[in-house]
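The block underneath contains the structure these notes are about, expressed in structure tokens.
The values are calculated or read from the model by the stated rules, or taken from the named source; none is laboratory data. Computed from a predicted structure; not experimentally measured. Every residue, glycine among them, receives a Cβ derived from its backbone with ideal geometry; neighbour counts consider all protein chains shown.
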């Protein structure tokens, strides 16, 4: 198999898998779920996913741990004040940049 | 009375996501060109996948000319969180989402698009969703292209500080409801705690991919909370994420 063909097949596999995982439940889950347990599960899942993806990875977005820590604390405080998503993100980035520039 | 979400509402909500994507996809493009991947390949990958972790992992397999099976397993595990997100989001769709449209729009479910869409009080219609995905998709593709062709014009320190942007957005999404509702706070803390175990315990972080760890944390914490604190119908409506 030529390298070009292999790259093509790998790319095809990659996007095929990524698409199917998103598409199958989206297309085939049509009815509203009645079970109270499942409804509760679906209510909690978004928060659980985002929390698991964020912590502790947010601390290690740069090679400087303290920059990550400062950026995280700034984001937490800004979020507690209910600032909009983009404002929280910008404040956090600026604080990380500031720490990286100073140290 | 609930208002109907419009295309314009979607564009507005999609803007911050798109700006965050621009920096991450730029980094993806720079990284890909550093590995010797031609710009049209990295841009095509971004246009056909629209996912960060999966693309970074997939790119390394492509560069190494790895096996199809390796690609299949890696992508399934890393992206399996989308399966849960798609189920959750499917519960919030209105009648405008016909089967054909679901086939189409499902390709655009990402962590951030899901988070914003599911946090809406109203049901989601296709006009809103089309607006929501427009800028993120455009800027994700454009960022990759720009990153791939311009390489290292931006100082490393700036690219490095942009890395926290998406996480800061996640924090902005989960903190306000955690302050308002104790059960939400519990699920956030429980999930974060399990995630830390996977991250810091050597045996676990060496053997469990980060994508799979996210799936385990999500399922365990949500199941525990759903069993201990099942939600009432009114409560779901009132503070639906």
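Summary of values
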{"read-out": "Segments classed as helices (runs of 4 or more DSSP H), wholly inside the range B:160-225, with at least 2 members that are touching a helix residue (DSSP H, G or I) at 6+ places or on another chain (Cβ under 8 Å), within 7 Å of another protein chain (Cβ to nearest Cβ) and buried (at least 24 other Cβ atoms within 10 Å of the Cβ)", "value": "B:165-180, B:182-200"}
{"read-out": "When residues of the range B:117-138 are limited to those that are in contact with a helix residue (DSSP H, G or I) (Cβ under 9 Å, 6 or more places away or on another chain) and either outside the structural domain of residue B:95 (by TED's automatic domain parsing) or not in a helix (DSSP H, G or I) (or both), the one surrounded by the most Cβ atoms within 10 Å (Cβ to Cβ)", "value": "B:124"}
{"read-out": "Residues within the range B:92-109 that are closer than 19 Å to residue B:13 by Cβ and facing chain A (nearest Cβ under 9 Å), tallied", "value": "7"}
{"read-out": "Tally, over the range A:27-81, of residues that are under 23 Å from residue B:107 (Cα atoms) and more than 7 Å from every other protein chain (Cβ to nearest Cβ)", "value": "3"}
{"read-out": "Those residues of the range B:77-97 which are modelled with pLDDT under 85 and over 12 Å from the mean Cα position of the chain (by Cα), in sequence order", "value": "B:77"}
{"read-out": "Within the range A:19-39, tally of residues that are in contact with a helix residue (DSSP H, G or I) (Cβ under 6 Å, 6 or more places away or on another chain) and surrounded by fewer than 24 Cβ atoms within 10 Å (Cβ to Cβ)", "value": "7"}
{"read-out": "Odd one out for residue A:102 among (1) touching a helix residue (DSSP H, G or I) at 6+ places or on another chain (Cβ under 9 Å); (2) surrounded by fewer than 18 Cβ atoms within 10 Å (Cβ to Cβ)", "value": "(1)"}
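Listed here are the residues, each with its yes/no results for (1) within 18 Å of residue A:15 (Cβ to Cβ); (2) touching a strand residue (DSSP E or B) at 6+ places or on another chain (Cβ under 9 Å); (3) in a helix (DSSP H, G or I).
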residue	(1), (2), (3)
B:5	no, yes, no
B:15	no, no, yes
B:27	no, no, yes
B:53	yes, no, yes
B:60	yes, no, yes
B:70	yes, no, yes
B:73	yes, no, yes
B:78	yes, no, yes
B:87	no, no, yes
